[in-house]
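**Q** To start, I am sharing the structure in question, which I have written as structure tokens.
The values are calculated or read from the model by the stated rules, or taken from the named source; none is laboratory data. Model, not experiment: these values are computed from the prediction. We place every Cβ from the backbone using ideal geometry, glycine too, and count neighbours over all the protein chains shown.
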Amino acid sequence: MKKMFALITLISILGLITFALPQENNLPKETGLYYKKGETWSKVSNAIPSDAKQSSGLLSSKTTIIFDGANAETQLSNTQPVFYFVYPSGVEVYRKVRNFFNFGIFRVEKKSDHRESFIKTYSGMFGSSNNVDKKYGVQVNIQTVSDGLITITPVSNLAPGEYIIVMNTKGGSDGNQIFEFGVSTK
């Protein structure tokens, strides 16, 4: 009797966990980055840099990447949004590279008519590296939910402001994609 009760309890708990995860048959059909507002899927807009300016020092340089408009097209009121990267499940090329996706959320500086992000390049005796300035980075939790779905969630609440999500494949910048959003608690 105790084993039967434990089995029923376990099945109930597993059912609740499965219910809490996004269901694959409910996913948008188009590959991209999404968030949910209630039961509605909304696509996060791509950010296309409009300009870049570079300044150099002795061992480092800084590139300022500029995005048009003071605000991103996608504006959220949730300070800890969950983003869903949807890609075709069962497609072999995605199945092979899904463990190579790398995502980062970065705050961008809002100006009167544009937004700016900063990349620092360090050069030295043993090579160089390019990184988005870490003081603008946000810690994220990245989880592969299933074949066809990855979630990206900030670890803590985001302050009101403008942000970008940079997605690339580890080992190269050729596949970079940038998405933009803002957080407003008004």
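Residue-wise test of (1) surrounded by fewer than 12 Cβ atoms within 10 Å (Cβ to Cβ); (2) modelled with pLDDT of 85 or more; (3) assigned to a strand (DSSP E or B).
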site	(1), (2), (3)
LEU33	no, yes, yes
ILE48	yes, yes, no
SER61	no, no, yes
PRO81	no, yes, no
SER112	yes, yes, no
ARG115	no, yes, yes
ILE119	no, no, yes
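**Q** Also, quick follow-up: Which condition breaks for GLY124 when tested against (1) at pLDDT 60 or above; (2) closer than 27 Å to LYS53 by Cβ?
**A** Unmet condition: (1).
**Q** Can I ask one more? Among GLY161, GLY90, GLY172, which is at pLDDT 70 or above and not aromatic (Phe, Trp, Tyr)? I'd like the intermediate steps shown before the answer.
**A** Numbers: GLY90 fails: at pLDDT 70 or above; GLY172 fails: at pLDDT 70 or above.
Result: GLY161 is the single residue among GLY161, GLY90, GLY172 that is at pLDDT 70 or above and not aromatic (Phe, Trp, Tyr).
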